[in-house]
1. Among the β-branched types (V, I, T), over 16 Å from B:E157 (Cα atoms) and away from every other protein chain (no Cβ under 12 Å): does that describe B:V109?
2. Would you check which residues across the range A:84-123 are of a type in the set (A, V, I, L, M), in contact with a helix residue (DSSP H, G or I) (Cβ under 7 Å, 6 or more places away or on another chain) and under 14 Å from A:C65 (Cα atoms) and list them?
3. Which condition breaks for B:T268 when tested against (1) in contact (Cβ under 8 Å) with a residue 40 or more places away in the chain; (2) not in a loop (DSSP other than H, G, I, E, B); (3) not hydrophobic (A, V, I, L, M, F, W, C)?
4. Would you mind finding the one in B:L285, B:L301, B:L257 that is of a type outside the set (S, T, Y) and touching a Phe, Trp or Tyr at 6+ places or on another chain (Cβ under 7 Å)?
5. Could you please find all residues in the range B:67-83 being surrounded by fewer than 21 Cβ atoms within 10 Å (Cβ to Cβ) and either assigned to a strand (DSSP E or B) or within 21 Å of the chain's Cα centre (by Cα) (or both)?
6. Condition check: within 11 Å of chain B (Cβ to nearest Cβ) and under 18 Å from the mean Cα position of the chain (by Cα). Does A:V133 satisfy that?
7. Run down B:S232, B:S200, B:S261 and say which single residue is farther than 29 Å from B:I28 by Cβ, within 18 Å of the chain's Cα centre (by Cα) and not β-branched (V, I, T).
8. Which is touching a strand residue (DSSP E or B) at 6+ places or on another chain (Cβ under 7 Å) and closer than 22 Å to B:Y358 by Cβ, of B:Y330, B:Y292, B:Y247?
Amino acid sequence: MKRAIRRGALLAAGALVFVGALAIGRRPPASAATPEPQRGGPYRPAAVTREGTELVLVYIGSSGCVPSNHEDLPGALEQLKVRLRDRADGGRRGFATVGIARDWVVDEGLAHLRKYGSFDEVMAGRNWMNAGVRRYVWEEIPGEASTPQVLVVERAVGDVAARGIQYGTQGERLVVRKVGTDEILAWAQQGAPLPELAAVSPARGP
Amino acid sequence: MSLLRPAGLLFVALAAAGCERTAEAGEINHPTAENIPAEAGLADIIGAKSRAGGELQAFAERLAKARLVLTVGKLEGPPSTVFGAVEDVDVHMPGRFAVLDSRYNEVRVFDQNGTFIESFGRPGRGPTEFLAPEALESDGPDRFVVADRNAQVKVIERTPAGMQQRLTIPLQFTPEDLCVLGHDIVVQGPLPGGLLHLYSPDGRHQRTIGGGYQSTNALVRNQLSDGRAACSAKGQTIIAMLRYLPYVRGYGADGTLRWTSRLADFRTIKIEEGVEPDGQPYVLLGEGGGDYDQVEVLHALDDGLVIVQTARHTAQSGRERRDYAELHTYLLSAETGKGVYVGNTVPRVLDVAGNRIYTGSSEPFPQVRVYEIAPAGASS
């Protein structure tokens, strides 16, 4: 019996090693949620990343910034999420939303973002040195240091090194940036128009 | 809420942002006497009823009647037609104009019909990249000068290999405006030694001229020395105006102050300086409301005239979230400083070439609007 147990344990361990080897360099596993594109309804995170090209809606605000707490902004942002999600789906792109709160106190920032519904990803803390703020205001996609603001960026998602062992994003570029309550509200009212996007291969789910 | 320039111990609050403060004893109200020139020395005091006569008046009347002939920019469409923010326009050669887009950090070139020709620039800190472009000028058809609030001036030229950055001029200040005098580059920005900084075409600093706002408080000096500058080739005059004060000044390239004029109807914003109970100094602009003006445009025309535009801000325009309530236009002589009030119907001028005025608008979405001025002698 002990020998059988040991053999079984060895087989199981070997199977785990084998599966682990397969897992290295693979796409991150999807959750149990359906990978099907959302159609209609309020925005909810897809809990899946589709390889190909994706649009990302980024919101940057702060609990301590009066304009970021304008009563009409949450509704406008929800409209933007839904409309841009549908636009991305129609354009064969993946879609994600990122909420960034530049509060010093993380919990206060997260509470601020909760007013704006669901995001696929959130960041909070460190004021203007927040990692998301650094990326979308100071560094890779530089712009005005002002809140609230929203951006739409486009980027490629997948095996960016084409070697099967590096998964990430590349080629991120600004599609549109709207700064200040008035611009955001006006843009939402205008239906979130975007410059024409180039045709792409359909984004693929896992 | 905007992130203002890091200011150490200093705290600057704008009433428009909704913050309220209590005035402390010992406050200083600006402008102080040292910043108010004597009336007797003024070249002109220009008000709504000013009538200069002659060429100045005739052109002012034509300018007020300019008609819209071209609109460039769409709400959606090909990327070249969708602007993020029209920061500046420069007519760099006959039949072409360049648009500086400060959101997409690029320069786009169009022909006189509004057809897109080319673009250059992208976001970043490298060659032919911009972080926060503020002003665009050209020095000939293939040489562009861009002031970037990243404390740089970049000179970009056309080469057989395309548009390439030829020169970076590092600055010790944040540039507010830019013009070209001859081939020299004039950059407006506050430094203790002066306001207008002249650089040779190869980027060497030649001299600093012009006085900014006078104050022993460095932040007050910096904040209130923001403004606009323009270069008039005729007479080699550099014209400057501080944002919140009603004085327009003309300097020679050697720094000589040639004239100072005052805009009679300019409403000065309330500017208060003080110290908090905890010892933190502060400067407040516009506390308590009230209408105020600030300079929006200084633009020199080829014939020695200068367009000055000031924006009137009111409580209503603030409530309605408009850029301003009214834009007042004046026309001055770069040589003498004498001027005339044009009116409040001329849109915000970014460049003038021949009989065309190039303007920028953000409502209902970013656009360039081109107007034509009727030729001299034409009936209205």
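The values are calculated or read from the model by the stated rules, or taken from the named source; none is laboratory data. Just so you know, these numbers come straight off a predicted model, no measurement behind them. Glycine gets a Cβ as well: all are built from the backbone with ideal geometry, and neighbour counts include every protein chain shown.
1. Answer is no for this residue.
2. A:I100, A:A101
3. (2)
4. Residue meeting the stated conditions: B:L257.
5. Residues satisfying the conditions are B:R67, B:L68, B:V69, B:L70, B:T71, B:G77.
6. yes
7. B:S232
8. B:Y330
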